[in-house]
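Colleague: Below are the structure tokens for one structure; questions will follow.
The values are calculated or read from the model by the stated rules, or taken from the named source; none is laboratory data. All figures in this text were calculated on a predicted structure; none of them were measured in a lab. No Cβ is skipped: glycine too gets one built from the backbone with ideal geometry, and neighbour counts run over all protein chains shown. The accessibility values were calculated without ligands, DNA or RNA, using every heavy atom of the protein model including side chains. Shrake-Rupley method; radii C 1.70, N 1.55, O 1.52, S 1.80 Å.
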Amino acid sequence: MSRWTGALGACLVVAFSHTASATSTQTQPRAVVELFTSQGCSSCPPADQIIGDLAKDPSVIALSMPVDYWDYLGWKDTLADSRFSARQKAYSQMRGDRDIYTPQAVVNGATQVIGSDATKIKTEIDNTRKGAASVMSVPVSVSVSGKHVNVSVAASTEASSNNHGEVWICSVSKSVPITVGRGENRGRELTYYNVVRNWLKVGDWNGSAANWSVPLENVSRDGVDAAVVYVQDGSRDRPGPMRGAAYTSLR
């Protein structure tokens with residue numbers, strides 16, 4: 001499928017932050033896998049199922065990010081967000097290639113593979129961990145207390161000059177069944193797993209331990225039943241490797 005270009009959509013900055021020591025009581029995942037997919041793509045359903053399988057693995061945070069650039073083919077993706085399309089393009093620019101397609105999986109913010117190739121995804125999880133000691137090395141925890149989502153990020157063991165990142169929280173729908181009415185998947189009943197429904201920037205991260213408290217109402221919405229927090233090198237416009245992540249159910 002052909003390339004898409006566009007501007008990266010703005011995200012909301014939320015809550016307040018303060019520096020504090022932070023430790024994680026959660027099992028730390030070894031990978032974040034982002035699948036760029038589309039209801040209008042006939043090659044995507046096998047990749048969508050792989051994300052469903054990975055979502056069962058506590059060592060992996062698997063996310064679906066439906067893109068909107070195939071909507072003109074006859075079916076408007078009901079879960080698509082232009083910010084996902086822009087994020088996919090930003091990854092491509094950072095890699096220095098033109099590989100923007102569906103289904104595409106980005107592993108730990110560092111490498112991309114065909115999203116329907118489960119073996120290759122697992123290989124790249126291992127490769128990204130071996131390639132950079134800092135990848136997924138920072139403990140992150142997220143929990144719900146009352147009307148707030150509490151986020152803690154531990155201090156980095158890397159030199160301070162290497163720590164320039166951002167902390168984001170994703171509102172997630174664990175499972176979304178869709179019946180596609182037109183297009184390449186017409187008549188098919190598909191299920192999408194860990195679909196990102198919104199992004200909120202929690203704050204910047206410089207390698208120091210830090211805590212944030214985000215109002216639950218800024219994360220939860222109809223259909224949202226989980227949240228993912230991740231720390232990523234770079235910025236929204238220039239995303240780099242994932243430094244750490246955590247997942248929690250909201251219901």
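Colleague: So what is the diffusion coefficient of the stretch 134-251 in µm² per second by Stokes-Einstein at 10 °C and 1.306 mPa s, using a Kirkwood Rh over Cα pairs?
Modeller: So the translational diffusion coefficient is about 103 µm²/s.
Colleague: Separate question: Grab the Cα-Cα distance for Arg188 and Ala155, subtract it from 0.36 nm times how many residues apart they are, and report the gain in nm with one decimal.
Modeller: 7.2 nm
Colleague: Nearest 20 debye, what's the magnitude of the dipole of the stretch 155-205 about its Cα centre given +1 on Lys and Arg Cβ and -1 on Asp and Glu Cβ?
Modeller: So the magnitude is around 420 debye.
Colleague: Let me ask something else about it. On a 1.4 Å probe surface of the protein chains, which of Leu216, Leu79 comes out largest in accessible area, and what is the full order?
Modeller: If we order Leu216, Leu79 from most to least accessible, we get Leu216, Leu79.
Colleague: Residue by residue through the stretch 108-121, what is 3J(HN,Hα) from phi via Karplus (6.51 cos²θ - 1.76 cosθ + 1.60, θ = phi - 60°)? Round to whole Hz and write x for glycine and proline.
Modeller: Working through the residues one at a time gives 6, x, 10, 8, 10, 9, 4, x, 8, 9, 4, 5, 5, 4 Hz.
Colleague: Looking at the stretch 103-179, what % of the alpha carbon pairs are farther apart than 19 Å?
Modeller: Tail of P(r) above 19 Å: 58 percent of Cα pairs.
Colleague: Now a separate question. Roughly speaking, what is the stretch gain from Ser208 to Ser143, that is 0.36 nm per residue apart minus the C-alpha to C-alpha distance, in nm to one decimal?
Modeller: Difference between extended and current length: 21.4 nm.
Colleague: Quick one: Kirkwood hydrodynamic radius for the stretch 23-75, alpha-carbon pairs, angstrom, one decimal?
Modeller: Evaluated over the stretch 23-75, this radius sits at 12.5 Å.
Colleague: Just need the relative contact order of the chain here, percent rounded to a whole number, with Cα pairs under 8 Å and 6+ apart.
Modeller: 27
Colleague: Highest mean first, how do 185-192, 64-71, 88-95 rank when packing is the count of other Cβ atoms within 10 Å averaged over residues?
Modeller: Peptide ranking by packing, descending: 64-71, 88-95, 185-192.
Colleague: Calculate, in nm to one decimal, what Asp97 and Glu217 gain on full extension: separation in residues at 0.36 nm each, minus their alpha carbon distance.
Modeller: Taking Asp97 through Glu217 to full extension adds about 39.3 nm, to one decimal.
Colleague: Under a cut-off of 24 Å between alpha-carbon atoms, report the lysines in cross-link reach of Lys89, not counting same-chain residues fewer than 8 places apart.
Modeller: Partners found: Lys76, Lys120, Lys122, Lys201.
Colleague: Could you quote the convex hull projected area for the stretch 28-166, Cα atoms only and averaged over all directions, in nm²?
Modeller: Over all viewing directions, the stretch 28-166 projects a mean Cα-hull area of 10.0 nm².
Colleague: With a 1.4 Å probe and all protein chains kept in place, how much accessible area does Lys76 have, in Å² rounded to the nearest 10?
Modeller: 150
Colleague: With each pseudo-label sitting 7 Å past Cα toward Cβ, what's the Ala133-Leu73 distance in nm, one decimal?
Modeller: For the pair Ala133/Leu73, the computed spacing is 4.4 nm.
Colleague: Ordered by residue, what ³J(HN,Hα) values in Hz, to whole numbers, does the stretch 167-178 give under the Karplus form 6.51 cos²θ - 1.76 cosθ + 1.60, where θ = phi - 60° and Gly and Pro are x?
Modeller: Here the 3J(HN,Hα) series is 10, 10, 10, 10, 7, 10, 9, 5, 8, 10, x, 9 Hz.
Colleague: Could you state the orientation-averaged shadow area of the convex hull built on the Cα atoms of the chain, in nm² to one decimal?
Modeller: 12.4
Colleague: Turning to a different aspect of this structure: Return the carbon/sulfur percentage of the accessible area of the chain, one whole number, probe 1.4 Å, all protein chains in place.
Modeller: 47
Colleague: Can you compute the modelled spin-label distance between His164 and Arg251, with each label point 7 Å from Cα toward Cβ, in nm?
Modeller: Taking the simple label geometry, His164 and Arg251 are separated by 4.2 nm.
Colleague: Which order, highest average first, do 223-234, 173-184 follow once you tally other Cβ atoms within 10 Å for each residue and take the mean per peptide?
Modeller: 223-234, 173-184
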